[in-house]
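What follows is a set of notes on a single structure, which appears directly below.
The values are calculated or read from the model by the stated rules, or taken from the named source; none is laboratory data. Remember, it's a predicted structure, so these values are computed and weren't measured experimentally. All Cβ positions, glycine included, derive from the backbone under ideal geometry; neighbour counts span all protein chains shown.
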Amino acid sequence: MNDHITKNGINHMYAVKIDGLYDRITVRSIRAQKEPYLPLVRVLTEQQKVWDHESVKGTIVGFHLPSFMDKMNTDDWHLHFISDDRRIGGHVLNASLEKGSAKIKKLEGLHIRLPDDREFRSLCLDVDQKEDIKRIEG
């Protein structure tokens, strides 16, 4: 997938969908959060569950963001998995595809809709989380 990005433009966003049989896949998940929300790095450090699965049919979907967009989300790939039977799912940590098919699409735009409430207007979002994200994402 990275070869496709290098060839077609490193400064674009990409969406990907990979259907197939995964001989191995590792996913993580956390339970639903309630206010007051903890920082993501703390939630993932203290609460995440990691599962390893073998021989699972399912779909990976995700996005690749270029490095200049790293404050919006982790740059590079952000992938999620759901099994065909909907019993297994989560954020992909590692995967090995035995057989399948992939679709990748270059995205030419992004529409962001921001909340317009008192809490959002006063929320400090200018926090550098690069080191936390590196630690979380490995």
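Annotations
- Each residue in the range 104-138 was checked for being surrounded by 11 or more Cβ atoms within 10 Å (Cβ to Cβ) and among the polar types (S, T, N, Q), and 1 pass.
- Some residue of the range 21-32 being in a helix (DSSP H, G or I), surrounded by 12 or more Cβ atoms within 10 Å (Cβ to Cβ) and at pLDDT 90 or above: no
- Residue in the range 33-53 that is surrounded by the fewest Cβ atoms within 10 Å (Cβ to Cβ), counting only those that are part of a loop (DSSP other than H, G, I, E, B) and not acidic (Asp, Glu): PRO36
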